[in-house]
Structure formats: structure tokens, C-alpha cells
Amino acid sequence: MEHQVIQVEGMTCGHCVETVTKAVNGLKGIRQVNVDLDKKRVTVDYDESQVDLNTISSKIKEVGFEVPAN
Ligand SMILES: [Cu+2]
């Protein structure tokens, strides 16, 4: 199991949190998603044999948020 914290820009309210949570949860291999609106962080636990960080970041961008490259 992989544990990652992703910095996400553009989330402003509970609706954004829900959008990101649902989008990431919809990916195969995701075990847990937690969005911290104040810290602009998405914490995710996932099965690295089924999904990777790039796929998760792409999904977050797809639903309208920014994931600064690091
Ligand atoms: Cu919002």
C-alpha cells in the first residue's frame, strides 16, 4: 500500500472537496482519500499495483483543479 500527500490548488469549498474525493475514489485501486481544504492537500492511500500517482494527479486535473509539478 502506498501513501501519498498531493498538493492541490483551486479548491475553495466543500463542493470542491467532494468533487476531488469522488473523482479520486472512482479510480481503481484507491483505498482511502482525505482532502484538507485549509492546507490544500489530498492524502491518498492506494494499491500501487493498480494505480499510480500520475493517474491520480491527472484525475484531479481532469475535474478542474491544479496539481503543481514537484
Ligand atoms: Cu468549491
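Placing unit charges on the Cβ atoms of the charged side chains and taking the dipole of the chain about its Cα centre, the candidate lying farthest along the positive direction among GLN4, THR43, HIS15 is HIS15. Estimated from helices alone, the mean residue ellipticity of the chain at 222 nm is -9500 deg cm²/dmol (sum of -39500 (n - 2.57) over DSSP H runs with n ≥ 4, per residue). Length gained on full extension, THR43 to GLN7: 12.1 nm, using 0.36 nm per residue less the C-alpha separation. Taking each residue as 0.36 nm, the span from ALA69 to ASN54 lengthens on full extension beyond its C-alpha to C-alpha distance by 4.3 nm. Taking every alpha-carbon pair under 8 Å whose residues sit at least 6 apart, the chain reaches a relative contact order of 42 percent. Each principal axis of the chain carries a Cα extent, and these read 32, 23, 20 Å when sorted largest first.
No value in this document is a laboratory result; all are computed from the given coordinates. If you're wondering where the values come from, they're calculated on a predicted model, not measured in any experiment. Cβ atoms come from the backbone with ideal geometry, glycine included; neighbour counts cover every protein chain shown.
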